[in-house]
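Let me begin by presenting the structure, written as structure tokens, before commenting on it.
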Amino acid sequence: MASEKLITELNQLLSDFHIYYQNTRGFHWNIKGKRFFELHAKFEELYTEALTNIDDLAERILTIKGQPLHSFQAYLETSKIQPVTNMSEDDKIVKSLLDQLETLVAQENVVKELAAGEGDSETEDMMIGLINDQEKTMWMFRSWLGQ
């Protein structure tokens, strides 16, 4: 059975993902400018992927006998990622997404190390997959910014 610490950290990640998801939806809706079509499509890809990750995380928490957080209030109170509103400039949005992805990766590393320490290779593997995907996205956004 998973430790309470692992379940707490997974719920932290679940909360972070919910706020990241909603921020990305807002960016998708509000992007303006000459790169609208390119970024509008990319943001839809990101929030669709985030929704899948949210479901997978909640189901993993249940699988290891935990209870996933499941209210917006809990997500807002728990998330290390803050809601972003009224942002429509492409460079600012991409920089915000990079910051949010860095927060997700940092939390995924916390979960990965806890899972490894508890011999939970399934959760550890899940985190490795998330980290790999998000680090690639971060590299692409940094390249897009010319960094």
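In table form, for the structure just shown:
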{"read-out": "Region 73-101, residues that are under 14 Å from the mean Cα position of the chain (by Cα) and either on the phi > 0 side of the Ramachandran plot or among the polar types (S, T, N, Q) (or both)", "value": "78, 79, 82, 96, 100"}
{"read-out": "Residue satisfying all of: in region 11-30; over 16 Å from residue 57 (Cβ atoms) and of a type in the set (Phe, Trp, Tyr); surrounded by the most Cβ atoms within 10 Å (Cβ to Cβ) among these", "value": "27"}
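Bear in mind that the values in this text are calculations on the coordinates, not laboratory data. Because the structure is a prediction, the values reported are computed rather than measured. So basically every Cβ, Gly included, is an ideal-geometry build from the backbone, and we count neighbours across all protein chains shown.
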